[in-house]
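Data first, discussion second: the structure below is written as structure tokens.
The values are calculated or read from the model by the stated rules, or taken from the named source; none is laboratory data. The model shown is predicted, which means the values in this text are computed figures rather than measured ones. Note that we place each Cβ from the backbone using ideal geometry, even for glycine, and neighbour counts take in every protein chain shown. Note: accessible area is taken over every heavy atom of the protein model, side chains too, but ligands, DNA and RNA are not part of it. Shrake-Rupley method; radii C 1.70, N 1.55, O 1.52, S 1.80 Å.
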Amino acid sequence: MSSPAERYAAARRRATDASTFPALTEFAAELGFDLDDFQRSACQSLEQGSGVLVCAPTGAGKTVVGEFAVHLALRGGGTGPRKCFYTTPIKALSNQKYHDLVRRYGADRVGLLTGDNAINGDAPVVVMTTEVLRNMLYAGSAALAGLAYVVMDEVHYLADRFRGGVWEEVIIHLPASVTLVSLSATVSNAEEFADWLVTVRGRTEVVVSEHRPVPLWQHMLVGKRMFDLFHDADAARKHDVHPELLRYTRETARRLELSDPRGALSRRGPRWRGPLRPDIVDRLDREGLLPAILFIFSRAGCDAAVQQCLAMGLRLTNPEERAEIRQIVERRISAIPSEDLSVLGYWEWLDGLERGLAAHHAGLLPAFKEVVEELFVRGLVKAVFATETLALGINMPARCVVLERLVKFNGEAHVDLTPGEYTQLTGRAGRRGIDIEGHAVVVWSPEVDPRQVAGLASTRTYPLRSSFRPSYNMAVNLVGSVGTGPARELLEASFAQFQADRSVVGLARQVQRNTETMATYGAEAQCEQGDFAQYFALRRAIADRERSLAREGQSQRRAAAVRSLERLRVGDVIRVPSGRRAGLAVVLDPGTGGFGEPRPLVLTQDRWAGRITAGDFTSPAEVLARVRVPKHFNHRSPAARRDLAAAVSGTGLPRHGGRRGGRSRSGGEDHQLTELRTQLRRHPCHACPDREEHARWAERGWRLERDTAELRQRVASRTGSLARTFDRICDLLVARGYLTGDGAVTDAGRTLARIWTETDLLVAECLRRRVWAGLAPAELAAAVSTLVFEARRETDESASVPRGPVADAVDATLALWSGLEADEAARGLDTTREPDLGFVWPIYRWARGEPLAKVLASGAGLDGEMPAGDFVRWARQVADLLGQLADAGGADADLRAGARAAIAAVNRGVLAFNQAA
């Protein structure tokens, strides 16, 4: 209970607020709880007409400030109610916020706009994804009239390398009359971000709070023992690990080493076996730490964890809870066709839910994920095994969070968690108003140092880095709306350029320090015998000439390889000497029809079909034999590849040839090199007894001079870097007819301006070249899928596609991509990613009406059957692009009608259910 003095101070503050901030007083009276200081400060700034940037930990209550902006809009000004747009990064968050606001203000005053739903879009308060607002701004939507406030929830998403640029586009293009409310996780450069907001949006107040309303306790689980990571709060501030934890982990590691002479960490030795997942959940249950989220950075690991708990007979629910769970599940999934439920693993999933256990990852059917989320929030599901995507999803706070590992796969490699990611994950622990404290548990293993965990746990903030890059769609929209010159100025106003320009100051200081250091090195390299700088220059010239001769040899060998590839014919059997495709291969297409070096299409003994280059050969390609290649050979057909690969093996040639003899360089000694060495020996400094000491100082100076030149180049490249990229993009768009030479947008450019996808220009090219003309609905969905789908891992380049019109459309798309890639590379632009054929068969079969089981099986790849969640997500993206084609100005009436028919064919079964959900 508060003291009389505290109650008196609170009463005086409320009295002051009532007179100075009447809107805030009304808003606070409706909340039912007292505002925290940071919430009050941000709301006061809003009521005074300032924009705000609020940075606070997960669960601290940042969204209260956004809801106050909604209150201000509905309260209105002198002309009555105004509009507020509330943006979120993902559809799930938009749906959740929509329902929250509807409960508070009523369905007639709140709308929702996402890629899937459009509800009451003309309401004074509309919740939407950030991309929807970006598209409205470029289109000059009438819905922007009367807009007074925009709330950007999770604004730190602008660091996302795939979608982050959208946040900056919105911030830059919003009308000056709009007040911006930016809600962010705690970042270390909040002041820098706020400085940029001031330059583009005007007055902006920064409110930063690092206080967690629910304290978070950090632990490590070592075998069966649980330890506090820190002894007390003071130790946490100093990163001092609990001594008992350090002692115990060191003793455990030492015992492992003694029991295994090869080392506990050896791949060949016995692995450390930590606590079983069911045992971890059981322990959390006994210690009152449920509900819990256990982060496992693998979809398969999450599913396996649930199965392990079921196999151990773990049950976390009572009969009343099980009955309520079944009732909710049956209500939520009643629209899913019964024949699909067994394919989706429904009964095993329901068994886990009734026991209070579930997995949550992107591979789950979206409807299943939503049920898990609802049951967890209700306290019916007690333990969720999740991938890190849950940390970025909707509000699902827990009492405890468990991290099984501190390493995750980022799509390319296994990398350590960053402090920001650790903060995001553990921030889920501790439910405000329910828990008095939250708990984060890291499971120990021999490769985990408690001091590493302490560093992650103590670094509560991370820097916000812009990922903004101009795109083709952005370029035509900017040029069309403001013109080329102002468009460049807008790009230079981005946070990306703001950060680049600021970094130039630090680089310039480093250049100055390097210059001073080089003078010191030069003094140390002085030689009494003569000019050592001249002598060192001769040594460098000799080294450069030797490298040049080596490169010339490599160039000659490459030229010989190119000439040998130019002579190849269909049916020639050659040997690829090295690399992943080493071995015998038969030529399917010489690849000499275009410009540049030949890139033959070959089939290897291992049935891989793809193109090779001169870089794959260390010596000229030699024709070893010939085999017959069928006239209409389809290299995408597994059966055809199998038969032809058998014919190659049937030649009896060894897979790997013998190593060729050594090469000798003709012409004897190089005359220039001989002359340089003669000059070096005659130089006075060559006889100096301290020659090598002087050379070491000269070498340091030379390296530092080289590094300084690179720094100067970085300074030059960062100044106006985005504008230069924009100029290159515009140059390509002019060359391809999307812009005119004087900066006007053509009809093709106006079509491109309404295509919102990563492969925007390639989609526009396919429309212009009528690649999809005459395709049936299922065929169109299949062809379009190559431009949206992206496999999680590398797949076979020779993935098959349906023969006939689909194969023709895919081949034409690949040909267009090849030409576009060459144009981009010539201009130094990031290249458009290659079309991916991995989703062609699943969406083709689905759009033709085939059953879900067959569709998922046809998506089998490195991971086996395609997960239902992946199928639904990619099918939705195909439908989204089809919707853009149906509205595209550059598409003819037949294609638009075909796109609408394809959408109808795709949106059935589980897709129709998720559209309605």
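Tabulated values for the structure
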quantity	calculated
Test: residue in region 811-819 that is touching a residue at least 12 places away in the same chain (Cβ under 8 Å), crowded, with 19+ Cβ neighbours inside 10 Å and more than 17 Å from Thr786 (Cβ to Cβ)	no
All positions within region 555-608 that are aromatic (Phe, Trp, Tyr) and touching a strand residue (DSSP E or B) at 6+ places or on another chain (Cβ under 6 Å)	none
Condition met for Glu131 (closer than 20 Å to Gln884 by Cβ and either open to solvent by 40 Å² or more (accessible area, probe 1.4 Å) or touching a Ser or Thr at 6+ places or on another chain (Cβ under 7 Å) (or both))	yes
Test set (1) open to solvent by 10 Å² or more (accessible area, probe 1.4 Å); (2) closer than 24 Å to Glu374 by Cβ; (3) part of a helix (DSSP H, G or I); (4) among the small types (Gly, Ala, Ser) - Ala107 fails condition number	(3)
Qualifying positions in region 556-572 - more than 12 Å from Leu601 (Cα to Cα) and either among the basic types (Lys, Arg) or open to solvent by less than 70 Å² (accessible area, probe 1.4 Å) (or both)	Arg557, Arg558, Ala559, Ala560, Ala561, Val562, Arg563, Ser564, Arg567
Subset of region 62-98 that is part of a loop (DSSP other than H, G, I, E, B), out of contact with any Ser or Thr (no Cβ under 9 Å at 6 or more places or on another chain) and open to solvent by 20 Å² or more (accessible area, probe 1.4 Å) - its residue that is nearest to Phe193 (Cα to Cα)	Arg82
Checklist (1) surrounded by fewer than 21 Cβ atoms within 10 Å (Cβ to Cβ); (2) touching a helix residue (DSSP H, G or I) at 6+ places or on another chain (Cβ under 9 Å); (3) modelled with pLDDT of 90 or more applied to Asp122, failing item	(3)
Qualifying residue in region 626-647 (condition: open to solvent by 40 Å² or more (accessible area, probe 1.4 Å), out of contact with any His (no Cβ under 6 Å at 6 or more places or on another chain) and among the hydroxyl-bearing types (Ser, Thr, Tyr))	no
In region 541-555, residue most open to solvent (accessible area, probe 1.4 Å) [restricted to those that are farther than 24 Å from Arg682 by Cα and among the small types (Gly, Ala, Ser)]	Ser555
Residue within region 828-836 that is out of contact with any Phe, Trp or Tyr (no Cβ under 7 Å at 6 or more places or on another chain), in a helix (DSSP H, G or I) and within 30 Å of Phe726 (Cα to Cα) present	no
Per-region count, region 210-226, residues under 16 Å from Ala253 (Cα atoms) and buried (at least 16 other Cβ atoms within 10 Å of the Cβ)	3
Pair list, Cβ < 7 Å and 6+ apart or interchain, from region 844-861 residues that are farther than 21 Å from Ala809 by Cα to residues that are modelled with pLDDT of 85 or more and in a loop (DSSP other than H, G, I, E, B)	Gly861/Gly838
Residue within region 435-455 that is out of contact with any helix residue (DSSP H, G or I) (no Cβ under 8 Å at 6 or more places or on another chain), under 23 Å from Val281 (Cβ atoms) and at pLDDT below 80 present	yes
Condition check for Arg7: modelled with pLDDT of 80 or more, assigned to a helix (DSSP H, G or I) and among the charged types (D, E, K, R)	no
Qualifying residue in region 575-588 (condition: within 30 Å of Gln679 (Cβ to Cβ) and of a type in the set (Lys, Arg))	no
Extreme residue, farthest from the chain's Cα centre (by Cα), among residues of region 157-171 that are among the hydrophobic types (A, V, I, L, M, F, W, C) and more than 15 Å from Ala139 (Cα to Cα)	Ile171
Condition broken by Leu538, with the remaining ones in (1) surrounded by fewer than 17 Cβ atoms within 10 Å (Cβ to Cβ); (2) at pLDDT 85 or above; (3) in a helix (DSSP H, G or I) satisfied	(1)
Residues (touching a helix residue (DSSP H, G or I) at 6+ places or on another chain (Cβ under 8 Å), more than 27 Å from Leu820 (Cα to Cα) and open to solvent by less than 30 Å² (accessible area, probe 1.4 Å)) located in region 573-601	Val573, Val576, Leu584, Ala585, Val586
Number of the exception - Val181 against (1) touching a Gly at 6+ places or on another chain (Cβ under 9 Å); (2) farther than 22 Å from Phe85 by Cα	(2)
Residues satisfying the stated conditions in region 416-461, i.e. open to solvent by 50 Å² or more (accessible area, probe 1.4 Å) and outside any loop (DSSP other than H, G, I, E, B)	Asp416, Glu421, Arg451, Gln452
Per-region count, region 353-378, residues open to solvent by 30 Å² or more (accessible area, probe 1.4 Å) and within 32 Å of the chain's Cα centre (by Cα)	5
Residues located in region 271-286, provided they are without any contact (Cβ under 8 Å) to a residue 40 or more places away in the chain and farther than 15 Å from Ala305 by Cβ	Arg271, Arg273, Arg286
Helices (runs of 4 or more DSSP H) wholly inside region 257-352 that include at least 1 residues being closer than 22 Å to Glu404 by Cα, open to solvent by less than 70 Å² (accessible area, probe 1.4 Å) and modelled with pLDDT of 90 or more	277-286, 299-311
Restricting region 363-397 to residues that are among the polar types (S, T, N, Q) and assigned to a loop (DSSP other than H, G, I, E, B), the residue that is modelled with the highest pLDDT	Thr387
Hits in region 839-855 (condition: outside any helix (DSSP H, G or I) and surrounded by fewer than 22 Cβ atoms within 10 Å (Cβ to Cβ))	Arg848, Gly849, Glu850, Pro851
First in region 604-617 and hydrophobic (A, V, I, L, M, F, W, C), second anywhere and part of a helix (DSSP H, G or I), Cβ under 8 Å, 6 or more apart	Ala609/Arg641; Ala614/Arg558; Ala614/Ala561; Ala614/Val562; Ala614/Leu565; Phe617/Ala561; Phe617/Ser564; Phe617/Leu565
Residues satisfying the stated conditions in region 243-258, i.e. closer than 17 Å to Leu221 by Cβ, without any contact (Cβ under 8 Å) to a residue 60 or more places away in the chain and of a type outside the set (Ser, Thr, Tyr)	Glu244, Arg247, Arg250, Glu251
Residue ID - nearest to Ser177 (Cα to Cα), chosen from residues in region 29-86 that are at pLDDT below 90 and basic (Lys, Arg)	Arg82
